[in-house]
1. Could you work out how much longer the chain between His189 and Asp372 gets when fully extended? Use 0.36 nm per residue separation minus the Cα distance between them, nm to one decimal.
2. Could you list, bin by bin from short to long, the percent of Cα-Cα pairs of the chain in 10 Å steps?
3. For the chain, what does the helix formula give at 222 nm: sum of -39500 (n - 2.57) over DSSP H segments with n ≥ 4, over the residue count, nearest 500 deg cm²/dmol?
4. Taking the Cα atoms only, what angle lies between the long axis of helix 129-144 and the longest principal axis of the chain, rounded to 10 degrees?
5. Between His16 and Gln474, what is the spin-label point distance in nm, taking each point 7 Å from the Cα along the Cα→C-beta axis?
6. Strictly under 4.7 angstrom between C-beta atoms: which cysteines of the chain have no such partner?
7. Which Cα, out of Asn20, Met88, Pro44, lies furthest along the positive dipole direction of segment 4-156 (beta carbon charges, K/R +1, D/E -1)?
8. In terms of solvent-accessible area of protein heavy atoms at a 1.4 angstrom probe, what is the ranking of Ser440, Ser303, highest value first?
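The values are calculated or read from the model by the stated rules, or taken from the named source; none is laboratory data. Computed from a prediction, not measured in an experiment: that's the story for all the values here. Cβ placement follows ideal geometry from the backbone for every residue including glycine, while neighbour counts extend to all protein chains displayed. Only protein heavy atoms, including side chains, enter the accessible area calculation; ligands, DNA and RNA are left aside. Shrake-Rupley method; radii C 1.70, N 1.55, O 1.52, S 1.80 Å.
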Amino acid sequence: SIPTLEKKDVYLAQLHRIANAELRYEHAIKLCLSISKDLGCRFPRGRVTGLMKALVSVCRTVKMVKQTPVEVLESLSIATNPSKLAMMSIMNRLSEWAYIAGEKHICLFLLTITKAVQMTLTHGLFEWSSVAYANIGWLSLFLMGDVDTAQHAGECALQMKERCGSEAGRARTFLDLHVFIFHHVKPLHLFSKPLLEGCQSGMRSGEKAHAMWCLLFHVVLLYMTGKPLKSIEEQCQVCIYHMVELKEEEQASCLRMYWQLFLNLMGSSNSTVELKGKAMEENDRTFTDPSHASFVVAKIFASSHFGEYELGAHLVIKEGAKRILKLKGGVIHAMTFLFHRSLCMYAMARKNKTKKKKYMAQAKRFHKELTDSLKNKNPNVRHYASLLDAEYAALKRKKNQDNYVRKLYTDTITMSARGGYVHDAALAHERFADFLLNESGDIQEAKYHIERAIQRYTDWGAMGIVKHLNNKYQYVFAKSSNH
(Lines give C-alpha, C1' and ligand atoms only; values in the text may rest on other atoms or scores of the structure.)
Protein backbone atom coordinates (compact mmCIF):
# COMPACT_ATOMS: atom_id res chain seq x y z
CA SER A 1 0.00 0.00 0.00
CA ILE A 2 3.06 2.32 0.15
CA PRO A 3 3.18 4.64 -2.89
CA THR A 4 5.90 3.86 -5.45
CA LEU A 5 7.48 7.29 -4.98
CA GLU A 6 8.11 6.65 -1.29
CA LYS A 7 9.79 3.33 -2.13
CA LYS A 8 12.17 4.93 -4.65
CA ASP A 9 15.35 4.50 -2.59
CA VAL A 10 14.49 0.88 -1.80
CA TYR A 11 13.88 0.20 -5.48
CA LEU A 12 17.18 1.86 -6.47
CA ALA A 13 19.09 -0.29 -3.98
CA GLN A 14 17.31 -3.39 -5.26
CA LEU A 15 18.08 -2.48 -8.86
CA HIS A 16 21.74 -1.89 -8.01
CA ARG A 17 21.98 -5.36 -6.50
CA ILE A 18 20.17 -7.10 -9.38
CA ALA A 19 22.11 -5.39 -12.19
CA ASN A 20 25.51 -4.48 -10.79
CA ALA A 21 26.10 -7.30 -8.32
CA GLU A 22 24.18 -10.19 -9.89
CA LEU A 23 24.42 -8.99 -13.56
CA ARG A 24 20.76 -9.89 -14.17
CA TYR A 25 20.09 -7.10 -16.60
CA GLU A 26 16.87 -8.53 -18.03
CA HIS A 27 15.34 -8.70 -14.56
CA ALA A 28 16.53 -5.18 -13.75
CA ILE A 29 15.02 -3.85 -16.99
CA LYS A 30 11.63 -5.44 -16.22
CA LEU A 31 11.64 -3.92 -12.75
CA CYS A 32 12.57 -0.50 -14.16
CA LEU A 33 9.65 -0.69 -16.61
CA SER A 34 7.27 -1.63 -13.81
CA ILE A 35 8.43 1.27 -11.63
CA SER A 36 8.25 3.67 -14.59
CA LYS A 37 4.69 2.62 -15.29
CA ASP A 38 3.72 3.30 -11.66
CA LEU A 39 5.34 6.74 -11.94
CA GLY A 40 3.27 7.53 -15.04
CA CYS A 41 5.81 6.85 -17.78
CA ARG A 42 5.04 4.05 -20.23
CA PHE A 43 7.23 2.60 -22.97
CA PRO A 44 5.81 0.97 -26.15
CA ARG A 45 5.69 -2.81 -26.37
CA GLY A 46 6.76 -4.83 -29.41
CA ARG A 47 10.21 -4.71 -30.97
CA VAL A 48 9.18 -3.40 -34.41
CA THR A 49 6.68 -0.82 -33.11
CA GLY A 50 9.00 0.21 -30.31
CA LEU A 51 11.98 0.62 -32.62
CA MET A 52 10.02 2.73 -35.12
CA LYS A 53 8.80 5.02 -32.36
CA ALA A 54 12.30 5.19 -30.91
CA LEU A 55 13.89 6.26 -34.20
CA VAL A 56 11.20 8.90 -34.76
CA SER A 57 11.75 10.12 -31.19
CA VAL A 58 15.52 10.37 -31.75
CA CYS A 59 15.04 12.46 -34.92
CA ARG A 60 12.59 14.79 -33.19
CA THR A 61 14.76 15.15 -30.10
CA VAL A 62 17.92 15.86 -32.11
CA LYS A 63 15.99 18.55 -33.99
CA MET A 64 14.74 19.94 -30.67
CA VAL A 65 18.29 20.10 -29.29
CA LYS A 66 19.54 21.90 -32.41
CA GLN A 67 16.74 24.47 -32.29
CA THR A 68 16.85 25.21 -28.55
CA PRO A 69 18.79 28.47 -27.99
CA VAL A 70 21.66 28.42 -25.50
CA GLU A 71 19.87 31.18 -23.55
CA VAL A 72 16.93 28.82 -22.92
CA LEU A 73 19.25 26.14 -21.52
CA GLU A 74 21.00 28.68 -19.32
CA SER A 75 17.65 29.81 -17.92
CA LEU A 76 16.52 26.31 -16.91
CA SER A 77 15.96 26.00 -13.18
CA ILE A 78 17.06 23.01 -11.11
CA ALA A 79 14.30 20.38 -11.10
CA THR A 80 12.65 19.78 -7.71
CA ASN A 81 9.52 17.74 -8.48
CA PRO A 82 9.99 14.47 -6.49
CA SER A 83 8.13 12.35 -9.04
CA LYS A 84 10.20 13.69 -11.95
CA LEU A 85 13.44 13.29 -9.98
CA ALA A 86 12.56 9.65 -9.29
CA MET A 87 11.64 9.05 -12.93
CA MET A 88 14.92 10.52 -14.15
CA SER A 89 16.91 8.30 -11.77
CA ILE A 90 15.09 5.21 -13.03
CA MET A 91 15.49 6.17 -16.70
CA ASN A 92 19.21 6.77 -16.29
CA ARG A 93 19.67 3.23 -15.03
CA LEU A 94 17.28 1.80 -17.60
CA SER A 95 19.21 3.38 -20.49
CA GLU A 96 22.52 1.95 -19.25
CA TRP A 97 21.22 -1.57 -18.69
CA ALA A 98 19.24 -1.60 -21.94
CA TYR A 99 22.48 -0.73 -23.78
CA ILE A 100 24.43 -3.46 -21.98
CA ALA A 101 21.67 -6.04 -22.62
CA GLY A 102 22.12 -5.71 -26.38
CA GLU A 103 20.04 -5.34 -29.53
CA LYS A 104 16.90 -6.79 -27.99
CA HIS A 105 16.46 -3.64 -25.92
CA ILE A 106 17.80 -1.04 -28.35
CA CYS A 107 14.43 0.74 -28.58
CA LEU A 108 14.35 1.14 -24.78
CA PHE A 109 17.84 2.56 -24.84
CA LEU A 110 16.88 5.14 -27.46
CA LEU A 111 13.56 6.07 -25.85
CA THR A 112 15.01 6.57 -22.37
CA ILE A 113 17.59 8.99 -23.75
CA THR A 114 15.06 11.03 -25.72
CA LYS A 115 12.60 11.10 -22.80
CA ALA A 116 15.35 12.29 -20.47
CA VAL A 117 16.29 15.14 -22.84
CA GLN A 118 12.64 16.13 -23.24
CA MET A 119 12.11 16.07 -19.47
CA THR A 120 15.12 18.36 -19.04
CA LEU A 121 13.80 20.93 -21.50
CA THR A 122 10.32 20.76 -19.93
CA HIS A 123 10.96 20.43 -16.18
CA GLY A 124 14.49 21.79 -15.63
CA LEU A 125 17.94 20.42 -14.87
CA PHE A 126 18.41 17.03 -13.24
CA GLU A 127 21.68 15.57 -12.01
CA TRP A 128 21.48 13.11 -14.94
CA SER A 129 20.57 15.70 -17.61
CA SER A 130 24.20 16.00 -18.71
CA VAL A 131 24.31 12.24 -19.37
CA ALA A 132 21.14 12.47 -21.47
CA TYR A 133 22.56 15.35 -23.52
CA ALA A 134 25.88 13.56 -24.00
CA ASN A 135 24.00 10.49 -25.21
CA ILE A 136 21.78 12.39 -27.65
CA GLY A 137 24.95 13.97 -29.02
CA TRP A 138 26.46 10.52 -29.48
CA LEU A 139 23.29 9.26 -31.20
CA SER A 140 23.29 12.21 -33.61
CA LEU A 141 26.85 11.20 -34.52
CA PHE A 142 26.32 7.42 -34.64
CA LEU A 143 22.99 7.41 -36.50
CA MET A 144 23.20 10.61 -38.56
CA GLY A 145 26.91 11.39 -38.80
CA ASP A 146 26.16 14.91 -37.52
CA VAL A 147 29.39 16.16 -35.94
CA ASP A 148 28.16 19.72 -35.36
CA THR A 149 25.08 18.66 -33.39
CA ALA A 150 27.13 16.15 -31.42
CA GLN A 151 29.59 18.87 -30.42
CA HIS A 152 26.78 21.31 -29.54
CA ALA A 153 25.03 18.71 -27.36
CA GLY A 154 28.36 17.83 -25.74
CA GLU A 155 29.15 21.44 -24.82
CA CYS A 156 25.63 21.80 -23.40
CA ALA A 157 26.18 18.63 -21.33
CA LEU A 158 29.34 20.10 -19.79
CA GLN A 159 27.52 23.33 -18.89
CA MET A 160 24.65 21.38 -17.34
CA LYS A 161 26.99 19.31 -15.21
CA GLU A 162 28.76 22.42 -13.94
CA ARG A 163 25.47 24.14 -13.13
CA CYS A 164 24.07 21.17 -11.26
CA GLY A 165 27.23 20.78 -9.19
CA SER A 166 26.32 17.15 -8.49
CA GLU A 167 28.97 14.45 -8.52
CA ALA A 168 26.45 11.91 -9.82
CA GLY A 169 26.77 11.35 -13.55
CA ARG A 170 30.02 13.31 -13.94
CA ALA A 171 32.10 10.21 -14.71
CA ARG A 172 29.65 8.96 -17.32
CA THR A 173 29.31 12.41 -18.89
CA PHE A 174 33.06 12.89 -19.19
CA LEU A 175 33.47 9.34 -20.50
CA ASP A 176 30.79 9.67 -23.19
CA LEU A 177 31.99 13.08 -24.35
CA HIS A 178 35.72 12.37 -24.53
CA VAL A 179 35.54 8.81 -25.83
CA PHE A 180 32.73 9.16 -28.38
CA ILE A 181 32.34 12.82 -29.42
CA PHE A 182 34.99 15.44 -28.71
CA HIS A 183 37.90 13.73 -30.52
CA HIS A 184 36.20 14.75 -33.78
CA VAL A 185 36.66 18.43 -32.97
CA LYS A 186 39.28 18.83 -30.20
CA PRO A 187 42.99 17.91 -29.99
CA LEU A 188 43.74 14.67 -28.15
CA HIS A 189 46.29 16.26 -25.82
CA LEU A 190 43.38 17.99 -24.02
CA PHE A 191 41.72 14.69 -23.04
CA SER A 192 43.92 13.21 -20.31
CA LYS A 193 42.79 15.62 -17.61
CA PRO A 194 38.99 15.17 -18.08
CA LEU A 195 39.33 11.38 -18.33
CA LEU A 196 41.28 11.28 -15.06
CA GLU A 197 38.76 13.67 -13.49
CA GLY A 198 36.00 11.33 -14.64
CA CYS A 199 37.78 8.41 -13.00
CA GLN A 200 38.19 10.26 -9.70
CA SER A 201 34.60 11.51 -9.75
CA GLY A 202 33.28 8.01 -10.47
CA MET A 203 35.16 6.61 -7.49
CA ARG A 204 33.73 9.32 -5.22
CA SER A 205 30.15 8.82 -6.43
CA GLY A 206 30.22 5.02 -6.54
CA GLU A 207 30.15 4.84 -10.36
CA LYS A 208 33.15 2.54 -10.36
CA ALA A 209 32.38 0.93 -13.73
CA HIS A 210 32.50 4.28 -15.53
CA ALA A 211 35.53 5.29 -13.47
CA MET A 212 37.45 2.24 -14.73
CA TRP A 213 36.40 2.84 -18.35
CA CYS A 214 37.78 6.38 -18.01
CA LEU A 215 41.03 4.87 -16.75
CA LEU A 216 41.25 2.39 -19.63
CA PHE A 217 40.74 5.04 -22.31
CA HIS A 218 43.26 7.29 -20.60
CA VAL A 219 45.87 4.55 -21.15
CA VAL A 220 44.79 4.10 -24.79
CA LEU A 221 45.10 7.87 -25.24
CA LEU A 222 48.71 7.75 -24.01
CA TYR A 223 49.52 5.27 -26.80
CA MET A 224 47.70 7.32 -29.43
CA THR A 225 49.64 10.48 -28.54
CA GLY A 226 53.03 8.76 -28.61
CA LYS A 227 53.93 8.83 -24.91
CA PRO A 228 56.91 6.63 -23.84
CA LEU A 229 55.98 2.94 -23.87
CA LYS A 230 57.69 2.19 -20.55
CA SER A 231 55.50 4.62 -18.61
CA ILE A 232 52.36 3.37 -20.43
CA GLU A 233 53.24 -0.25 -19.62
CA GLU A 234 53.74 0.63 -15.95
CA GLN A 235 50.35 2.36 -15.85
CA CYS A 236 48.74 -0.74 -17.37
CA GLN A 237 49.87 -2.85 -14.43
CA VAL A 238 48.57 -0.37 -11.85
CA CYS A 239 45.24 0.17 -13.64
CA ILE A 240 44.56 -3.55 -14.07
CA TYR A 241 45.29 -4.11 -10.40
CA HIS A 242 42.62 -1.53 -9.46
CA MET A 243 40.12 -2.94 -11.97
CA VAL A 244 40.49 -6.45 -10.58
CA GLU A 245 40.23 -5.17 -7.00
CA LEU A 246 36.96 -3.41 -7.89
CA LYS A 247 35.70 -6.51 -9.75
CA GLU A 248 35.48 -4.62 -13.05
CA GLU A 249 36.64 -7.60 -15.09
CA GLU A 250 35.43 -6.32 -18.49
CA GLN A 251 37.71 -3.29 -18.33
CA ALA A 252 40.60 -5.37 -17.01
CA SER A 253 40.15 -7.87 -19.84
CA CYS A 254 40.21 -5.10 -22.46
CA LEU A 255 43.26 -3.43 -20.95
CA ARG A 256 45.18 -6.71 -20.85
CA MET A 257 45.04 -6.76 -24.67
CA TYR A 258 46.79 -3.41 -24.86
CA TRP A 259 49.22 -4.29 -22.08
CA GLN A 260 50.39 -7.35 -24.03
CA LEU A 261 50.63 -5.22 -27.18
CA PHE A 262 52.91 -2.78 -25.35
CA LEU A 263 55.04 -5.63 -23.99
CA ASN A 264 55.43 -6.98 -27.53
CA LEU A 265 56.41 -3.57 -28.88
CA MET A 266 58.95 -3.10 -26.09
CA GLY A 267 60.56 -6.47 -26.79
CA SER A 268 59.55 -7.69 -23.31
CA SER A 269 57.80 -10.70 -24.84
CA ASN A 270 58.85 -13.54 -27.12
CA SER A 271 55.91 -12.66 -29.38
CA THR A 272 55.37 -9.93 -31.93
CA VAL A 273 51.85 -10.12 -33.35
CA GLU A 274 50.57 -12.86 -31.06
CA LEU A 275 49.04 -11.47 -27.87
CA LYS A 276 50.72 -14.03 -25.70
CA GLY A 277 52.87 -13.52 -22.62
CA LYS A 278 52.84 -11.88 -19.22
CA ALA A 279 49.53 -10.02 -19.67
CA MET A 280 47.38 -12.60 -21.46
CA GLU A 281 47.09 -15.67 -23.68
CA GLU A 282 44.93 -14.91 -26.71
CA ASN A 283 43.92 -18.56 -27.25
CA ASP A 284 42.41 -18.82 -23.76
CA ARG A 285 39.99 -15.91 -24.14
CA THR A 286 36.20 -15.81 -24.38
CA PHE A 287 35.26 -12.49 -25.95
CA THR A 288 32.46 -10.01 -25.35
CA ASP A 289 31.90 -7.23 -27.90
CA PRO A 290 34.13 -4.71 -26.07
CA SER A 291 36.94 -7.21 -25.43
CA HIS A 292 36.78 -8.49 -29.03
CA ALA A 293 37.06 -4.91 -30.28
CA SER A 294 40.10 -4.38 -28.04
CA PHE A 295 41.61 -7.65 -29.28
CA VAL A 296 41.14 -6.69 -32.95
CA VAL A 297 42.60 -3.23 -32.36
CA ALA A 298 45.66 -4.60 -30.55
CA LYS A 299 46.23 -7.19 -33.32
CA ILE A 300 45.93 -4.55 -36.07
CA PHE A 301 48.38 -2.25 -34.27
CA ALA A 302 50.85 -5.12 -33.76
CA SER A 303 50.48 -6.26 -37.39
CA SER A 304 51.14 -2.77 -38.71
CA HIS A 305 54.12 -2.08 -36.44
CA PHE A 306 55.77 -5.46 -37.07
CA GLY A 307 55.13 -5.48 -40.82
CA GLU A 308 52.69 -8.43 -40.78
CA TYR A 309 50.41 -6.62 -43.20
CA GLU A 310 48.60 -9.67 -44.51
CA LEU A 311 47.45 -10.58 -41.00
CA GLY A 312 46.26 -7.01 -40.44
CA ALA A 313 44.43 -6.94 -43.75
CA HIS A 314 42.55 -10.20 -43.15
CA LEU A 315 41.53 -9.99 -39.49
CA VAL A 316 37.90 -11.04 -38.99
CA ILE A 317 35.84 -8.46 -37.11
CA LYS A 318 32.49 -9.38 -35.55
CA GLU A 319 29.45 -7.13 -35.96
CA GLY A 320 29.45 -5.99 -32.33
CA ALA A 321 33.09 -4.92 -32.59
CA LYS A 322 32.39 -3.17 -35.92
CA ARG A 323 29.87 -0.90 -34.19
CA ILE A 324 32.38 -0.05 -31.47
CA LEU A 325 35.06 0.70 -34.08
CA LYS A 326 32.86 2.83 -36.33
CA LEU A 327 34.54 6.19 -37.00
CA LYS A 328 31.47 8.32 -36.29
CA GLY A 329 29.97 7.21 -33.01
CA GLY A 330 32.65 4.64 -32.22
CA VAL A 331 35.39 4.82 -29.61
CA ILE A 332 38.17 7.40 -29.62
CA HIS A 333 40.79 5.09 -31.15
CA ALA A 334 38.53 3.98 -34.03
CA MET A 335 40.36 6.55 -36.18
CA THR A 336 43.73 4.97 -35.29
CA PHE A 337 42.29 1.53 -36.03
CA LEU A 338 41.05 2.66 -39.46
CA PHE A 339 44.42 4.21 -40.22
CA HIS A 340 46.36 1.01 -39.47
CA ARG A 341 43.75 -1.13 -41.25
CA SER A 342 44.03 1.01 -44.39
CA LEU A 343 47.83 1.05 -44.15
CA CYS A 344 47.92 -2.77 -44.03
CA MET A 345 45.73 -2.87 -47.16
CA TYR A 346 47.92 -0.41 -49.05
CA ALA A 347 51.05 -2.30 -47.98
CA MET A 348 49.56 -5.55 -49.31
CA ALA A 349 48.63 -3.82 -52.58
CA ARG A 350 52.30 -2.87 -53.01
CA LYS A 351 53.49 -6.34 -52.02
CA ASN A 352 50.95 -8.53 -53.82
CA LYS A 353 50.59 -7.23 -57.39
CA THR A 354 48.09 -9.91 -58.42
CA LYS A 355 45.57 -8.73 -55.79
CA LYS A 356 46.47 -5.05 -55.96
CA LYS A 357 43.01 -3.88 -57.06
CA LYS A 358 41.26 -5.83 -54.32
CA TYR A 359 43.47 -4.48 -51.55
CA MET A 360 43.37 -0.93 -52.92
CA ALA A 361 39.57 -0.90 -53.05
CA GLN A 362 39.36 -1.78 -49.36
CA ALA A 363 42.14 0.60 -48.38
CA LYS A 364 40.51 3.50 -50.23
CA ARG A 365 37.26 2.97 -48.34
CA PHE A 366 38.94 3.43 -44.94
CA HIS A 367 41.18 6.17 -46.35
CA LYS A 368 38.13 8.12 -47.54
CA GLU A 369 36.52 7.97 -44.08
CA LEU A 370 39.59 9.58 -42.55
CA THR A 371 39.86 12.15 -45.36
CA ASP A 372 36.18 13.09 -44.90
CA SER A 373 36.77 13.43 -41.17
CA LEU A 374 39.71 15.74 -41.88
CA LYS A 375 37.50 17.86 -44.16
CA ASN A 376 35.07 18.02 -41.24
CA LYS A 377 37.88 19.71 -39.24
CA ASN A 378 38.98 16.72 -37.16
CA PRO A 379 42.37 17.93 -35.84
CA ASN A 380 43.59 14.43 -34.93
CA VAL A 381 43.64 12.65 -38.30
CA ARG A 382 45.78 14.98 -40.41
CA HIS A 383 48.98 12.93 -40.10
CA TYR A 384 47.03 9.68 -40.65
CA ALA A 385 45.46 10.98 -43.86
CA SER A 386 48.84 12.36 -44.97
CA LEU A 387 50.62 9.00 -44.74
CA LEU A 388 47.74 7.24 -46.49
CA ASP A 389 47.90 9.89 -49.24
CA ALA A 390 51.58 9.04 -49.68
CA GLU A 391 50.83 5.30 -49.81
CA TYR A 392 48.10 5.84 -52.41
CA ALA A 393 50.32 8.12 -54.52
CA ALA A 394 53.13 5.57 -54.40
CA LEU A 395 50.80 2.93 -55.82
CA LYS A 396 49.28 5.17 -58.50
CA ARG A 397 52.38 7.10 -59.52
CA LYS A 398 53.46 7.42 -63.13
CA LYS A 399 56.92 8.00 -64.56
CA ASN A 400 58.76 11.04 -63.22
CA GLN A 401 56.41 11.34 -60.21
CA ASP A 402 58.85 9.97 -57.62
CA ASN A 403 59.64 13.45 -56.30
CA TYR A 404 55.94 14.08 -55.58
CA VAL A 405 55.67 10.83 -53.63
CA ARG A 406 58.87 11.59 -51.73
CA LYS A 407 57.50 14.99 -50.74
CA LEU A 408 54.29 13.40 -49.39
CA TYR A 409 56.26 11.00 -47.19
CA THR A 410 58.59 13.77 -46.01
CA ASP A 411 55.64 16.04 -45.14
CA THR A 412 54.04 13.23 -43.14
CA ILE A 413 57.22 12.62 -41.16
CA THR A 414 57.54 16.33 -40.35
CA MET A 415 53.86 16.65 -39.42
CA SER A 416 53.90 13.59 -37.15
CA ALA A 417 57.12 14.60 -35.40
CA ARG A 418 55.91 18.15 -34.77
CA GLY A 419 52.67 16.81 -33.30
CA GLY A 420 54.58 14.60 -30.85
CA TYR A 421 53.51 11.39 -32.60
CA VAL A 422 56.97 9.82 -32.46
CA HIS A 423 55.64 6.32 -33.24
CA ASP A 424 53.73 7.53 -36.31
CA ALA A 425 56.78 9.45 -37.54
CA ALA A 426 58.82 6.25 -37.18
CA LEU A 427 56.19 4.31 -39.14
CA ALA A 428 56.26 6.95 -41.91
CA HIS A 429 60.07 6.63 -42.13
CA GLU A 430 59.65 2.85 -42.38
CA ARG A 431 57.04 2.99 -45.15
CA PHE A 432 59.10 5.60 -47.05
CA ALA A 433 62.13 3.27 -46.86
CA ASP A 434 60.02 0.42 -48.23
CA PHE A 435 58.97 2.59 -51.18
CA LEU A 436 62.58 3.66 -51.86
CA LEU A 437 63.81 0.06 -51.78
CA ASN A 438 61.09 -1.71 -53.72
CA GLU A 439 59.85 0.98 -56.10
CA SER A 440 62.71 3.46 -56.61
CA GLY A 441 65.76 1.28 -55.96
CA ASP A 442 67.40 4.02 -53.88
CA ILE A 443 69.31 1.97 -51.29
CA GLN A 444 71.26 4.85 -49.74
CA GLU A 445 68.18 6.99 -49.10
CA ALA A 446 66.27 3.93 -47.87
CA LYS A 447 69.06 3.14 -45.40
CA TYR A 448 68.83 6.68 -43.99
CA HIS A 449 65.08 6.35 -43.37
CA ILE A 450 65.44 2.88 -41.83
CA GLU A 451 67.99 4.32 -39.44
CA ARG A 452 65.69 7.24 -38.61
CA ALA A 453 62.81 4.83 -38.00
CA ILE A 454 65.01 2.79 -35.67
CA GLN A 455 66.07 5.93 -33.80
CA ARG A 456 62.51 7.13 -33.33
CA TYR A 457 61.29 3.69 -32.24
CA THR A 458 64.20 3.59 -29.77
CA ASP A 459 63.16 7.00 -28.41
CA TRP A 460 59.62 5.63 -27.99
CA GLY A 461 60.90 2.54 -26.17
CA ALA A 462 59.80 0.04 -28.86
CA MET A 463 62.87 -2.20 -28.75
CA GLY A 464 60.85 -5.12 -30.10
CA ILE A 465 60.28 -3.20 -33.35
CA VAL A 466 63.95 -2.10 -33.39
CA LYS A 467 65.03 -5.74 -33.26
CA HIS A 468 62.55 -6.61 -36.02
CA LEU A 469 63.83 -3.82 -38.30
CA ASN A 470 67.48 -4.68 -37.71
CA ASN A 471 66.77 -8.28 -38.74
CA LYS A 472 64.54 -7.36 -41.68
CA TYR A 473 66.95 -4.84 -43.21
CA GLN A 474 70.26 -6.50 -42.39
CA TYR A 475 70.91 -6.89 -46.12
CA VAL A 476 70.45 -3.14 -46.68
CA PHE A 477 73.06 -2.25 -44.09
CA ALA A 478 75.42 -4.86 -45.60
CA LYS A 479 74.94 -3.52 -49.15
CA SER A 480 75.43 0.10 -48.16
CA SER A 481 78.63 -0.71 -46.22
CA ASN A 482 80.01 -2.47 -49.32
CA HIS A 483 79.40 0.67 -51.35
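1. Roughly 63.7 nm would be gained on extension.
2. 4, 19, 28, 23, 15, 8, 3, 1, 0, 0
3. It comes out at -23500 deg cm²/dmol, rounded to the nearest 500.
4. Approximately 50 degrees, to the nearest ten.
5. 6.1
6. Cys32, Cys41, Cys59, Cys107, Cys156, Cys164, Cys236, Cys239, Cys254, Cys344
7. Pro44
8. I get Ser440, Ser303, largest accessible area first.
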